[in-house]
Amino acid sequence: MRSICIAAALLAATMAASPLAAQNKKVDNALTYFNSGEYTKCRDMLVKYLPKVKDRPTKGQVAFYLGECSRHLSDSRNAMKYYRQAVQAKYSNPLATLYLADALKMRGNYEDASAQYSAYHDLVPQDARGEQGVADCENALKWMKNPTRHIVFPARWLNDKESDFASCFGADTTTIYFTSARESATGNDKNANSGSYYADIYVSEKDKKGKWSIPVPVQGAVNTPFDEGSPFVTSDGNTMYYTSCKNLKNQQLGCRIFTSTLEDNLWGNPEEVVLFADSSVSVGHPCLSPDGNTLYFSSDAPGGQGGRDIWKSTRQGKNSWSAPVNLGKDVNTEGDEVYPFMDAKGALFFSSNGRGGMGGLDIFRMATKDGKTTVNNIHYPLNSSGDDFGIHFDSECKRGYLSSNREGSRGDDIFGFFLPPIEVTIEGICKNEETLIALNDAEVQMTGTDGTQNTAKSDGAGKFRFKLSENTDYMFVASRKGYLKGISKETTKGLTENTTLHTEILLTPLVQVVELENIEYDFNKANLREESKISLNVLVEVLEVNDNITIELRANTDFRGSDEDNMKLSEERAKSVVDYLISKGINPERLSSRGMGESNPVTVSKKTAEKYPFLKEGDVLNEKFINALPNNQEKEICHQLNRRTEFAVTRTDFNEAGIPFGSE
C-alpha cells in the first residue's frame, strides 16, 4: 500500500461500478466508508460480516466489495481471493470476472487470467478489455521468455517493512531521495484511505567506499504530519519539487506540488507551485525536463482523457508556470497515467494502467521523432506482474531505480536496475580467395578503435573467434605464408542486444593475378570514374597491411580497335590507377604499371562460370571464341570481362626504410 500513489488522495476518488444494496446497518456503515475512500475501515467491517452471510447473492456482493477494497489498497492477493468468491457465488456484476482476471494477472497467473478475460469477453463482448486482457497475458509470457538485458535488484538498504517508493537522485548518483511510510515518519497517525502511516521524504547517501547511509527524513520544513513524497531534485541538488497531500476532516483538498530550496543542509519553507485555480484538483508526481523549463506532473483536472493524466506546464519565471496542457491521447487514456520522468535524452517515461501490460501499473516510454510520437511498454524485467512506477535514470540512461510491489517485495519497495554492456562476439573464417577452401593456421590480428588488440589463429576449419566491445569499429587482418594478408571490417555501433557477428576473410595466393572489380573508365579514355575509386580504396588498404610487397598494375582492353590504340589506352589506364594510389599515400617505389592491350584475354574461372551459365570454366575469351557466340548480349558480356584492371605481386621484400632490393 502506498501513500500518495494509488491509495492516497491523489488517486483515491475511483468508486466501484455498482452500489451494494444495504443488507443491514453494519453493511450500510461499511459502504459509507467505502464511498468516502476509507477502504481499510470498510474492509475490516466486511471481513467480519462475510462469514455470517448465508444466501448466495448477498455473499457474492460482500465478497465483491471486499475485492474492491483490496484492489484500491493494492492488495492483489486478497483481491484475487475475494473476486473469486464473488464469481463462484455467481455475483451478477460481470466486473467481478474482469477484476478477478486483473488480480490474477497481477499475481503472475497469466494462464488463469487469460481464461477469466475470455469469460468476461463472453459476458460483455462490446467491452474491449476482455480481448485486450488476453493479448496482455500473451505479451507478458512472451516478454518474460525474451527479457531485456536489464538487471533488476531490490534496494535493500533503502527499503523498510512499510512502503518505500518514488525515489530520485540528488545532485549525482551518490544521493537518493525517496518516499517512505515507515514508522519513523513525522506523523503518528495513519492515512484513513490506505491504512498506512503518512509518508515523508527520506534521504540516503553513499560514501567513498560505496556504502549507503541509513535513510533519514530530510531536514528542514518539507515533511509534515501528512503525506509528502514523489520528490524531484534538480541536477545541482539545491531545489526540490514534491507532492504534499493534506487530509483534513470535512475539507475537500487535492494534493499539491511544492518547491523547497536547500540552504545550509536544511530544506527551506515550501512554496506552492500554483497550476490550477481550483484547490480541489489534485496534482502530484512532479518532474522537470533536462533544461528545467518544462514541468510534467499527474492530475485529475477536468479536460483530461479520464482518470489521472500527464500534464505539462512551461516556466514563466522562477516559480511561475503557464496554464497546464494535457499531453493528449498520445499518452493519456481512460485509466491512470502517473509518475512522469524525462531522461537526459528527452524521452518521457510514465506509468499507466490504461494501456494494458503485464499487470497493474506498467512503465511506458514516450519518444517523438520527426513529429511522430510513439509510446511503448518497456517490457520485462523493468515491468512485472505487479505495479511498476516511479522510474528514474542516471545521466547516461543506463542505471537507475524504480518502485514496485512485484513478487518478493513487502508492499511497495524500491528496486535498482542497470543495463550491463552488451555481449558481442565475432565468428570468422579464413579462406583461399581463388578456391574458397578454408585456411587453417592463419594468424588473425584484431584492432579496435577503442585501442584494444588481440590475436588468434584459425583452427582446422579455418575458423576464429573474438569478443568485442560496444560502440567500436574493428579491423581484422589475417596472414598466412604464401598469401597476401586479408582484411575484414566490422562495427558494434548501433547494436542494442547481445549479438554474434560473422565475417569472412579471403586471402589471395601470392602467385595469383588479382582482378580489381568495378574499375570503370570514361569511354575510350583513361580517366577513372568516381565509382572506381571505391574499389581502389580497398586496394590501398591491402597495400597498407601488406607493406612488404610491390605490385604491378595491369590494364586490359577488348580486341575491338587497333592493337596500337588498345596498347596505348591500356598503358594510360594502368598509369591512372598508379597515380591514384600515389595520391592516397602509397610509396611510388612500390608501384609499376603495364598496359596489356588485347593480348591477355580472360580465362574463365569457376566463379565466373557460375555467374554466366553460357560460359564454362577454362574457356579463353579470345576473338575467335567471342565471335562464335550466338548473340550480341553474350558477346558484350565477354568484351566487358576482358576490359579489366588487375595487379600482380612482384616483390615481397620491400623495406620502407629505403634498403635497396638485393642489398645486404
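Structure above, values below:
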read-out	value
Neighbour net charge for residue 175 - beta-carbon separation under 13 angstrom, K R +1, D E -1	-4
Rg(Cα) / (2.2 N^0.38 Å) computed for the stretch 472-525, rounded to two decimals	1.66
Among 576, 593, 621 - extreme Cα towards positive end, dipole of the stretch 565-664, charges at beta-carbon	621
Rotationally averaged projected area of the stretch 405-533 (alpha carbon convex hull; nm²)	13.7
Förster radius 60 Å - calculated FRET efficiency between residue 496 and residue 49 (Cβ-Cβ, nearest 0.05)	0.65
Solvent exposure of the chain as accessible area per residue, Å², 1.4 Å probe	49
Between helix 563-583 and the chain: long-axis angle, C-alpha atoms, 0 to 90°, nearest 10	40
nm² value of the averaged projected area, convex hull over the Cα atoms of the chain	43.9
Stokes-Einstein diffusion coefficient of the stretch 250-341, Kirkwood radius over Cα pairs, 25 °C, 0.890 mPa s, in µm²/s	177
Using alpha-carbon coordinates, inclination of helix 532-545 to the longest axis of the chain, degrees	90
Spin-label model distance (nm) - residue 77 vs residue 513, 7 Å beyond Cα toward Cβ	8.3
Distance violations [Cα-Cα > 26 Å] among 161/246; 485/607; 318/345; 48/90; 575/635; 431/568	575/635; 431/568
Set of lysines with alpha-carbon distance to residue 142 below 21 Å, sequence-local pairs under 8 removed	105
With every protein chain in place, the chain: carbon and sulfur % of accessible area (1.4 Å)	47
Rg ratio (alpha-carbon, reference 2.2 N^0.38 Å) - the stretch 153-286	1.05
Between helix 110-123 and the chain: long-axis angle, C-alpha atoms, 0 to 90°, nearest 10	70
Surrounding net charge for residue 130, when Lys and Arg each add one and Asp and Glu each subtract one, Cβ distance under 12 Å	-4
The stretch 296-368: Rg to Rh, with Rh as the Kirkwood radius over Cα pairs	0.99
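The values are calculated or read from the model by the stated rules, or taken from the named source; none is laboratory data. What you see is a predicted model; the values in this text were computed from it and never measured. Because the Cβ atoms are built from the backbone with ideal geometry, glycine has one as well, and the counts that use them run over all protein chains shown. Calculation scope for accessible area: heavy atoms of the full protein, side chains included, ligands and nucleic acids excluded. Shrake-Rupley method; radii C 1.70, N 1.55, O 1.52, S 1.80 Å.
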